[in-house]
Amino acid sequence: ILEKNEYKYTFNLLGAELTSIKKGEKEFIWQGNPLIWKRHAPILFPIVGKLKNDQYELNGKTFLMKQHGFARDLNFSLKEKTSDKISFLLSSNTLTKEQYPYDFNFYVNYYILDDGLKIEFITENKSNETMYYSVGWHPGFNSEKTILSFENKKNNYYQLKNHLVDNEQISGFFKKEEILNSKDFENDAFIFENLNSSVILNNQIKLSNDSPYLGIWSQYPKTGNFVAIEPWWGLADTINSNYNFKEKTGIMQIPINKSDTHCTYLTFLNNQ
């Protein structure tokens, strides 16, 4: 637990997950009803979304991996804790190599700011070859009435078919402000590419980042009065995926003995 400016942040070694943000009795993070969606704000690594038939091919071998990768279901080690920072580490091991052959260090760092939270992902390639990967954050926010505001108008988006990305963009739905209800998620998530806009939820929380993709999702039809606003540096397989991991849409790569850093920011507005 870390606290600052009346906000209390709770984290879990399992998945390096942020499980709660409270101000007084007000809880901002979805509390994980197992009958609807059991998680809070999981970390997605080394893939985002679902693989076609839960498999991919790399260097002539076939590997199996479930949706969103394995990081959210593994215990991280606590590397550092101060009054305004907490850092977690997941390193490659026998279990991860059954699904993902690379040697890596994956850090998740949370920085407590005066008006919110900075989340930092650092991925280090410890293999003797270029490493291919994706990373993302999947925070669910309590929201009885979901009003999303965008800094920039964005009409085009992708949706999913059987959890895979439909290649055809859809246009004409999202404006600078949009009111959503559970039925809007009947066809799963809305996926924006190069949104170039922060997203404000109910004039209370702003999510800012430089990710190439942003997902907006809620469970349907078992609505739980929450919405997930998800920065992604990667994407689920497309419906016409050829299984080649190196050719996967949105995949990133790190040279030998190098690292990548990606950040997202959560800001509280109007002293909520």
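The values are calculated or read from the model by the stated rules, or taken from the named source; none is laboratory data. Note that this is a predicted model, so its numbers are computed, not measured. No Cβ is skipped: glycine too gets one built from the backbone with ideal geometry, and neighbour counts run over all protein chains shown. Side chains included, ligands, DNA and RNA excluded: accessible areas come from the protein's heavy atoms. Shrake-Rupley method; radii C 1.70, N 1.55, O 1.52, S 1.80 Å.
Taking every residue in segment 239-251 that is in contact (Cβ under 8 Å) with a residue 24 or more places away in the chain and pairing it with any residue that is among the aromatic types (Phe, Trp, Tyr) and surrounded by 12 or more Cβ atoms within 10 Å (Cβ to Cβ), at least 6 positions away or on another chain, the pairs with Cβ-Cβ distances below 6 Å are TYR243/TYR56; PHE245/TYR56; PHE245/TYR132; LYS246/TYR132; ILE251/TYR132.
Which residues, counting only those in segment 259-272, are part of a strand (DSSP E or B), open to solvent by 70 Å² or more (accessible area, probe 1.4 Å) and more than 22 Å from ASP103 (Cβ to Cβ)?
If we filter segment 259-272 for residues that are part of a strand (DSSP E or B), which is where we start, we get 259-268.
If we keep only those that are open to solvent by 70 Å² or more (accessible area, probe 1.4 Å) as well, we get 261, 265.
Once the filter is applied, which keeps residues that are part of a strand (DSSP E or B), open to solvent by 70 Å² or more (accessible area, probe 1.4 Å) and more than 22 Å from ASP103 (Cβ to Cβ), segment 259-272 yields only TYR265.
To keep it simple, each residue is scored yes or no on (1) among the polar types (S, T, N, Q); (2) out of contact with any strand residue (DSSP E or B) (no Cβ under 8 Å at 6 or more places or on another chain); (3) open to solvent by 50 Å² or more (accessible area, probe 1.4 Å); (4) under 15 Å from MET65 (Cβ atoms).
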residue	(1), (2), (3), (4)
ASN109	yes, no, no, no
ILE112	no, no, no, no
ILE122	no, no, no, no
LYS126	no, no, yes, no
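Can you confirm whether LEU58 is over 26 Å from THR264 (Cβ atoms), loosely packed, with under 14 Cβ neighbours inside 10 Å and of a type outside the set (Lys, Arg)? Answer is no for this residue.
Within segment 65-85, residues that are in contact (Cβ under 8 Å) with a residue 40 or more places away in the chain and of a type in the set (Asp, Glu) reach partners that are assigned to a loop (DSSP other than H, G, I, E, B) and surrounded by 14 or more Cβ atoms within 10 Å (Cβ to Cβ) with beta carbons closer than 7 Å, at six or more positions or on different chains, in the pairs ASP73/GLY15.
Taken over segment 43-65, the criterion of being basic (Lys, Arg) and farther than 22 Å from LYS161 by Cα is satisfied by LYS61 alone.
Applying the criterion of being touching an Asp or Glu at 6+ places or on another chain (Cβ under 9 Å) and on the phi > 0 side of the Ramachandran plot to the residues of segment 1-30, the residue that is least open to solvent (accessible area, probe 1.4 Å) is GLY15.
Looking at segment 128-137 only, could you name the residues that are open to solvent by 10 Å² or more (accessible area, probe 1.4 Å) and within 20 Å of the chain's Cα centre (by Cα)? Write out each step before concluding.
The initial filter retains those residues of segment 128-137 that are open to solvent by 10 Å² or more (accessible area, probe 1.4 Å), namely 128-130, 132.
Residue satisfying the conditions is TYR132 alone.
Among all residue pairs at least 6 apart or on different chains, which show Cβ distances below 7 Å where the first residue, located in segment 3-25, is without any contact (Cβ under 8 Å) to a residue 60 or more places away in the chain and over 16 Å from ASN142 (Cα atoms) and the second is in a strand (DSSP E or B) and of a type in the set (Ser, Thr, Tyr)? That search, which allows pairs on different chains as well, returns ASN12/THR19.
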